[in-house]
Amino acid sequence: MDILVMGGTRFIGVALLPRLLAAGHAVTAFSRGKRPVPGGVDHVRGDRRNPGDLAQLAGRRFDVIIDTSGRQLTESQQVIVHTGWPRHRFLYVSSAGVYGNSDQWPLTEQAPLDPRSRHAGKAETEAWLRREGIPFTSFRPTYIYGPGNYNPIEGWFFARILANRPVPVPGDGQLITQLGHVDDLAEAMAGSLEVDASTNRIYNCSGAKGVTFRGLVAAAARACGHSLEQVELRSFDPRLLEPKARKAFPLRIAHFFTDINRVCRELAWQPRFDLVTGLQDSYEKDFRQQAHQAPDWSRDEKLLAHSVLLP
């Protein structure tokens, strides 16, 4: 199939493009061109926010459009304006961040949405695709991690563990979150193109299990050759931060995990990485290879000033 990937040179795209090529697809990547693409990919350079750049796609028809970088409805709409509907499918990277708070866990794809979420534009895009009748498949990951991650998730924990710094966690560290490896997400996305039943479906897509913050610290420690006993865990009062703050602490301070049974069942897919092996993969292939500037620990100090040692 002839496939257009919006994005493609960062994180998800890096994991996805080789899988599409290996499956025999003809691939075009539209990105700003700051990073190379694999051989065999037609690279159209441009900024999707610039109508003049998007005009390079005018008149080109694709079997599949994969939008890995759209955040707002208008961004995906403008692609369709230039290319027309995809002949086969529109694949969309949404987010489990579209869900509202809940008393019932894990969240299924039918869980209520939060119209005030910073990811609300993704839910609006899903709804528009359905209204328009454009065949689509949407994936709602929780926290994506792995080599190339530009969000401060696993790296936030690695940095503190390796610097022998106290690791601040909210409350008793028992809130449950969920991470999914970028390679697993890419496998599910590529595989969905071969499954007709995935048309017009939305899938939660993440790791198989949730993990407590305390368990995440333990897994990150193991990934970089430490044990939890070597890590000083400090409990801070979560009221010091907004529930979804991501500056002083990288994860939302609430339960946040989803039911992935639908994607496993309908795509015959299972996550290949458990949390420890996935974090080891990220550490060895990415974090360990980078030159790191001395972190600014000032936000940590504010949390640690009002913290207590966790046993």
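Any residue in region 150-173 that is touching a helix residue (DSSP H, G or I) at 6+ places or on another chain (Cβ under 9 Å), in contact (Cβ under 8 Å) with a residue 40 or more places away in the chain and farther than 30 Å from Pro311 by Cα?
Within region 150-173, not a single residue is touching a helix residue (DSSP H, G or I) at 6+ places or on another chain (Cβ under 9 Å), in contact (Cβ under 8 Å) with a residue 40 or more places away in the chain and farther than 30 Å from Pro311 by Cα.
Please go through (1) in contact with a Lys or Arg (Cβ under 9 Å, 6 or more places away or on another chain); (2) surrounded by 14 or more Cβ atoms within 10 Å (Cβ to Cβ); (3) not charged (D, E, K, R) for Gly100 and return the number of the only condition it doesn't satisfy.
(2)
Listed residues Pro106, Pro18; which is under 22 Å from Phe136 (Cα atoms) and either modelled with pLDDT of 95 or more or surrounded by 22 or more Cβ atoms within 10 Å (Cβ to Cβ) (or both)? Before you say what the answer is, go through the steps one by one.
Details: Pro106 fails: under 22 Å from Phe136 (Cα atoms).
Of the residues listed, the single one that is under 22 Å from Phe136 (Cα atoms) and either modelled with pLDDT of 95 or more or surrounded by 22 or more Cβ atoms within 10 Å (Cβ to Cβ) (or both) is Pro18.
Go through region 47-66 and give me each residue that's exposed (fewer than 15 other Cβ atoms within 10 Å of the Cβ) and either within 29 Å of Asp196 (Cα to Cα) or not assigned by TED's automatic domain parsing to the domain that holds Met189 (or both). Spell out how you get there, then give the answer.
Going through region 47-66, the residues exposed (fewer than 15 other Cβ atoms within 10 Å of the Cβ) turn out to be 47, 49-52, 55-56, 58-61.
Passing the criteria: Ala58, Gly59, Arg60, Arg61.
Of (1) buried (at least 16 other Cβ atoms within 10 Å of the Cβ); (2) closer than 27 Å to Ile260 by Cα, Val44 satisfies all except one. Which?
(2)
Residue under question is Pro152, and the condition is that it be in contact with a Lys or Arg (Cβ under 8 Å, 6 or more places away or on another chain) and surrounded by fewer than 17 Cβ atoms within 10 Å (Cβ to Cβ); does it hold? Before the answer, list the steps.
Details: in contact with a Lys or Arg (Cβ under 8 Å, 6 or more places away or on another chain): yes; surrounded by fewer than 17 Cβ atoms within 10 Å (Cβ to Cβ): yes.
Yes, satisfied.
The values are calculated or read from the model by the stated rules, or taken from the named source; none is laboratory data. This structure is a prediction, so every number in the text was calculated from the model and none was measured. Methodologically, a virtual Cβ is constructed for each residue, glycine included, from the backbone with ideal geometry; neighbour enumeration extends over all protein chains shown.
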